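Since every read-out is calculated from the coordinates, none of them should be taken as a lab result. Every value quoted in this text rests on a predicted model; they were computed, and no experiment measured them. Because the Cβ atoms are built from the backbone with ideal geometry, glycine has one as well, and the counts that use them run over all protein chains shown.
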Ligand code: XMP
């Protein structure tokens, strides 16, 4: 049985990071709301309490009963988690002063404590809390402090319970990964979470869950849906049918390229050319949200039609990944995020849902893809929005504009590959502006379109910065686009970060 650590989520923004760090240590873990501890799960070997946006003194803060958990498992409280353990043992937690924010230097007091193993003096840690423990309960032994925080880390005597008032999960805490690893040693963890193990157990699980049932899956060309498809193909082979829709808003030759890639992976794929249908539906529409809705609805329409041509389909597979799931479980009231491309499909089609990647983070999806033998260019493909070039053609969409943008985008992307810059950026693409400007070509005055190039660096698309691409590269691409793409006489580079801008222009 695969061992797991349970992370009880008290709503901190860094809860997901705790999960990612443990997974980096090859430790399987699950994040659950603070009050949803899986009581009878025998695979649990330890529990981590996350931070929280609340103070333990707030009336609305989360205060679950932890006695039985503390008796049964090693527990590590992080920030709010540590303060809550102190608070519920009659300690006192009060508002701290601002010196306790941000960077601090940690010094272990009890170097024999297993949580502090290998932690040198003056190790940089990251504090991020408005509160601090001011009265330390009797049976709490302080195991480390900082200049401003006396009880930076503690162990509860007679128990397998620890607390740290800083965040070991953030990169700024240099010794964070060592502390988390020390906790895993305390839990006697085998640390056996590897892509190969994931594939083996997921394939077995899928076989059992799906039996001889038939499954359909919407391919987008992106990593998540591709890895889901390859995994399902391993489990149920020809009972999986993939549908890949050309909505006329894909990159240049993308439809053909993607179909070819999947063929090589041995997948059973139906490619549907629905370009004309989408162009017709989108004719004359300029409002961004309306365009998005039409593209989304059109996709569901086409997918549904194709699915009905197949017989006895019972399941719809989706490439949902863990961050989507965590967000929808979130205790702090986020709206549930529907999977962009297939939102609304499950309801309409009355199919059961299977989501083989639902417990993986994005970097893990890539590792699993590699282990499955998928080619690097498929795994490293930049994210591409479901509505495709539809949100990169500002204003109304026509086949001619799509042609112009596809050609410009292709030169840009190919250029990034040729200059070995493709993997340096998170995402790149071209945008066609509804702006014409004057230019001169040879002896002639031109009055033509403007293309914007956008390339960003990011780790999760929540924030992004514009990529500092070399001037020589930009000059070369600009020249090539203006010379080769009929209808474009000006190229500009977008130097906005997110926030306040977004990655896409619509
Ligand atoms: P923004 O523009 O919000 O984009 O900064 C963040 C990331 O999400 C992608 N994106 C979408 N993906 N359907 C998708 O599947 C959409 O409607 C959509 N809108 C934005 C965007 O490409 C970037 O990676």
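Some points to look at:
- Packing-based exposure ordering (other Cβ within 10 Å, fewest first) of 352, 486, 4: 486, 352, 4
- Pairwise FRET efficiency - residue 471 versus residue 94, Cβ, R0 = 51 Å, nearest 0.05: 0.40
- Cβ-based exposure ranking for 79, 242, in which fewest neighbours within 10 Å come first: 242, 79
- With each label modelled as a point 7 angstrom along the Cα→C-beta vector, the residue 136-residue 238 pair spans 6.9 nm.
- Translational diffusion of segment 41-151, µm² s⁻¹ [Kirkwood Rh, Cα pairs; Stokes-Einstein; 20 °C; 1.002 mPa s]: 143
- Residue-averaged 222 nm ellipticity for the chain, from DSSP H runs of 4+ at -39500 (n - 2.57), nearest 500: -10000 deg cm²/dmol
- Residue-span extension gain [residue 270 to residue 68] - 0.36 nm each, minus C-alpha spacing: 67.4 nm
- Label point of residue 190 set 7 angstrom out along Cα-Cβ; within segment 1-15, amide nitrogens under 11 Å from it belong to 1-4.
- Panel order for 225, 68, by other beta carbons found within 10 Å of each beta carbon, from fewest to most: 68, 225.
- Using alpha carbons only: equivalent-ellipsoid semi-axes of segment 1-69, gyration tensor based, whole Å: 22, 16, 7
- Listed peptides 451-460, 429-438, 7-16 by packing density, highest first (mean Cβ within 10 Å): 7-16, 451-460, 429-438
- Put simply, when 57-63, 441-447 are sorted by average Cβ atoms within 10 angstrom per residue, most first, you get 57-63, 441-447.
- Bridges between two residues of segment 197-306, per DSSP, are antiparallel at a rate of about 0%.
- Theoretical gain in end-to-end length, residue 26 to residue 400 [0.36 nm per residue, Cα-Cα removed]: 129.7 nm
- Projecting label points 7 angstrom from Cα along Cα→Cβ for residue 311 and residue 501 puts them 5.4 nm apart.
- Considering only beta bridges that DSSP places wholly inside the chain, some 45 percent are antiparallel.
- Packing rank of 408-420, 468-480, 22-34, where each peptide gets the mean count of other beta carbons within 10 Å, highest leading: 22-34, 408-420, 468-480
- Cα gyration tensor shape for the chain, rounded if a/c is under 1.5, else prolate or oblate: prolate
- Cα gyration tensor, segment 161-250 - rounded (a/c under 1.5), prolate or oblate: oblate
- Of all DSSP bridge pairs formed entirely within segment 147-258, close to 45 percent run antiparallel.
- Against the compact-protein benchmark of 2.2 N^0.38 Å, the Cα-based radius of gyration of segment 365-419 scales to 1.46.
- Full-stretch length increase - residue 358, residue 171 - with 0.36 nm per residue and alpha-carbon distance subtracted: 64.8 nm
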